[in-house]
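Notes for the one structure printed next.
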Amino acid sequence: MPAAPHEDAALMAASQLVVPDTKDKNNKAGQSDTAHASSSATNALARSNLLRLETSELLQESFLHIHPTGDANNAHYEAKWAPSVRSYLTQVKEVIANLGEATLGPDVAKLASPGSKGGNVKEKGMEHVLTNSEGDGTRYRIPLLSDKFTKSVEASSASNPLTSWSFPFAGGNSLTVHPIGSLAHVGNAGLANRHANGNVVPVLDVAVLVNNKSNGEEGDAFVGGKDYLNHRYTDKRNILAVHIAKQISQKKHRSKIGAVHLTQMFGDSTKVGLMLTPPSDDGQQSDSSKKKSSKKKRKRESEENTKKGKKNKLRFRIRLVFGVKLEEDEKTSSKKSGDQKDISEDEYSTDSSDEETEVPTSWSSWIPRSRLLPNRSNNRSTSQSDTNNSSTPHYTNAIAEDLHFLSTTDLISSTLSTLTPNSSSSNVTPTSSFHEILLLLKVWALQRGLLRGHDSFTTTTLAVILCYLYRTKGIGRRMGAVQGFTAFMKFWSENDWLGEDSLSSANAGAGESMGASLSSAKAVKAHKMKKKSAFVIPSQGRNESQTIASCAQSRLYIEDVRGGSSNSHGDDTATIPKTLLECFKAAYTSPASNHSSSIANNSHVDSPILLDPSMTLNYLARLSPSFVRESRAEAYAALRCIHGHEMDGGSGTSAFHKLFLETNRFWTRYDAYVRVPLGVFPRIIVADGGSGSKKKRSGKASGGRGGESNTPSKVWGNDVNDLGYDESARRGIVEVLARALGDRAMAIRAFTCGNGDIQNDLSTKNINEMSNEDVATKAILDSDQCYTVPIRGS
């Protein structure tokens with residue numbers, strides 16, 4: 001950040017001015033109060049103007065633009081290396097489009113043992129892979145958790161080919177590649193250069209969507225039937241990701257594609273993506289020319305490239321995420337938006353009559369619409385009976401995320417289009433207050449390790465919250481960047497996202513009657529649901545209430561309640577939520593609380609709620625309670641800093657420096673770092689002895705990550721089927737420690753990849769020596785490191 005201009009020296013001096021108390025005894029008290037108020041107002045104005053000038057300089061240096069088509073009129077504001085992004089994406093699309101048809105199965109994800117026949121792993125870096133394993137020693141690159149995979153493993157060991165599991169892949173023609181996220185937003189909202197991006201190169205998200213239309217033959221679709229159950233769709237999507245990774249990383253494509261790594265989306269091991277690193281300029285020549293060149297020539301070229309420095313500098317990475325394409329309903333595509341009374345089970349509708357909408361009026365999906373309701377149980381262990389299934393809102397929401405890649409991008413872009421001037425025929429840089437606020441929020445979150453973690457903010461999460469504030473007039477069109485940033489902090493810090501704020505006051509001084517009324521788990525949950533904040537992003541041209549009233553998903557839930565189908569899930573009729581929004585509150589609320597440690601709790605499903613206009617996706621479902629508490633405290637501290645209140649003993653540091661320049665990661669906020677060996681957890685998992693449980697066979701899937709969905713077990717609670725093994729363990733540890741330490745600990749957080757490389761010490765270990773206990777012990781480098789696994793095709 002360069003120094004402030006000389007002409008602003010007066011503002012800097014005025015912002016730090018302290019008026020001495022020189023009140024004369026003869027002066028009237030009213031005059032002294034007026035003078036003091038006037039000086040305070042002057043200081044506040046100078047401080048706000050200085051913050052505005054400093055943030056404008058930061059924004060000017062941080063914006064990064066990459067136009068999707070590369071028009072000549074827009075070349076003036078985009079990055080110089082933007083053409084290389086477009087050419088690289090074109091090459092990636094061509095390689096993916098030329099993929100052939102194949103029949104996929106678990107064998108695609110197998111990692112051959114070094115001693116097996118023809119199975120020596122020669123890929124560089126593969127000795128560092130952590131995989132789940134079965135009883136026969138077979139290892140896989142990714143976790144496979146579905147019931148069909150387990151049956152296929154048992155069938156292979158019993159030499160029974162009738163239960164083998166496979167599914168068709170129609171080739172590259174069935175795939176469509178779409179830029180999403182900041183790359184596809186109007187004006188590249190949220191895209192920042194290296195210095196404002198945690199000092200790492202930008203990662204551009206691209207969605208690879210499967211066209212799930214069948215050719216009329218039974219079983220030829222990629223997903224269908226009941227694939228939404230028990231991780232079946234998850235396994236199919238991840239196996240497809242590994243197959244595409246092996247194909248595009250073949251030797252014939254390396255000069256175009258570069259390096260390919262398997263990565264985890266949102267720190268979730270069950271959501272596999274591909275990280276593509278483009279080849280350097282000196283790697284563009286063919287293999288034959290490389291063989292012909294002599295050693296001296298290669299040495300001279302490398303020295304020249306070293307001297308040039310920036311010629312081969314890495315500018316960007318591409319992350320491929322996978323999902324299934326939503327198809328616009330053919331029956332309603334020719335109808336007007338107002339004529340949509342007949343909606344089938346597999347259709348979605350926003351019922352919007354506006355000309356400009358962010359999603360198609362009606363679209364269909366492979367998953368029935370009712371299965372996206374938060375009270376459904378879509379991941380069931382073998383011990384659960386059909387009449388006693390717990391709801392799985394987080395598991396269901398993870399499937400909904402894959403359905404809404406494009407609609408979320410369109411939601412943000414449609415909001416931006418109302419704020420950004422039409423620059424199609426002019427040379428105006430397409431930026432607005434939305435772009436500026438989002439970039440300030442991103443820098444603020446990065447400096448605190450609140451971005452890109454397994455349970456923390458993402459750039460998209462921040463953007464959709466801004467969409468809600470703009471559409472509900474929480475942020476006005478004429479507000480500046482600092483005003484909008486302040487409005488966001490106020491919104492995030494003051495709303496009771498978990499329903500816990502009133503519990504502390506109730507326990508502290510509300511009397512014995514209040515404490516007695518919250519002595520049971522049911523009472524605590526009901527109290528939290530009543531106080532919990534939940535919001536729905538309004539559709540274009542409607543307010544929040546109208547969006548909820550006209551939502552097809554909301555009407556479906558009301559019909560479902562009236563039909564009594566919800567009562568089949570073991571709910572008490574008197575406690576069944578009457579509206580879909582109340583149903584979301586019930587699904588994302590548990591009796592857990594820092595202020596009710598005496599109440600037994602076996603679930604950790606608490607999450608904030610912000611729904612998309614179709615009310616099928618909760619954008620904040622991945623945020624853990626501990627993150628919400630910490631981020632709200634940081635937002636409140638930011639408000640105090642903006643308003644000029646003393647922080648850290650009044651060190652005199654400016655608000656701009658504290659908000660955007662000063663690193664405030666976990667090692668500056670916490671007093672102790674405790675290493676919990678994950679290898680202990682399989683030994684403390686206890687079998688669920690419920691009446692509907694079945695005795696588990698001695699087992700190939702027992703203990704370890706691979707048996708998550710098949711083993712009737714629990715870690716600190718009965719939410720493994722919903723949250724997954726890792727997240728259930730993380731949230732369980734935090735709650736157990738909070739109960740044990742009580743008021744002796746102000747905050748407890750699980751260490752996340754948003755604060756650095758969580759497996760940084762694995763590079764020195766052999767795969768046979770590693771265990772689940774290997775976690776980070778080294779220094780944290782930056783906030784964009786994540787777990788990646790190299791992969792190369794033959």
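The values are calculated or read from the model by the stated rules, or taken from the named source; none is laboratory data. Because the structure is a prediction, the values reported are computed rather than measured. Because the Cβ atoms are built from the backbone with ideal geometry, glycine has one as well, and the counts that use them run over all protein chains shown. Keep in mind that these areas ignore ligands, DNA and RNA; they rest on the heavy atoms of the full protein, side chains included. Shrake-Rupley method; radii C 1.70, N 1.55, O 1.52, S 1.80 Å.
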**Q.** Under-5 Å amide H pairs with Gly273, H placed in peptide plane, nonlocal only
**A.** Thr263, Gln264, Met265
Q) Excluding ligands and nucleic acids, what accessible area in Å² is computed for Phe63 using a 1.4 Å probe, to the nearest 10? A) 60 Å²
Q) Between Leu111 and residues 5 or more places away or on another chain, which pairs have amide H atoms under 5 Å apart, with H built 1.01 Å from N, and which residues are they? A) Arg139, Tyr140, Arg141
Q: Per residue of the range 188-196, in order, report the coupling 6.51 cos²θ - 1.76 cosθ + 1.60 (Karplus, θ = phi - 60°) as ³J(HN,Hα) in whole Hz, putting x for Gly and Pro.
A: 6, 4, x, 8, 10, 6, 4, 5, 9
(Q) Can you give me the solvent accessible area of Arg52 with a 1.4 Å probe, rounded to the nearest 10 Å²? (A) 120 Å²
Q. How large is ³J(HN,Hα) for each residue in the range 743-749, as worked out from phi by the Karplus curve 6.51 cos²θ - 1.76 cosθ + 1.60 (θ = phi - 60°), to whole Hz, x for Gly and Pro?
A. 7, 6, 10, 7, 8, 9, 9
Q | Two-site label geometry, Glu544 and Ser164: point separation in nm, points 7 Å out along Cα→Cβ | A | 5.5 nm
Q | Nearest-10 value in Å² for the accessible area of Lys313, using the 1.4 Å probe | A | 90 Å²
Q) What is the set of long-range amide H partners of Asp205 at a cut-off below 5 Å, with H atoms built 1.01 Å from backbone N? A) Ile180, Ser182, Leu183, Arg319
**Q.** Phi-based couplings in Hz for the range 168-179 (Karplus 6.51, -1.76, 1.60; Gly and Pro marked x)
**A.** x, 10, 7, x, x, 5, 8, 10, 10, 10, 10, x
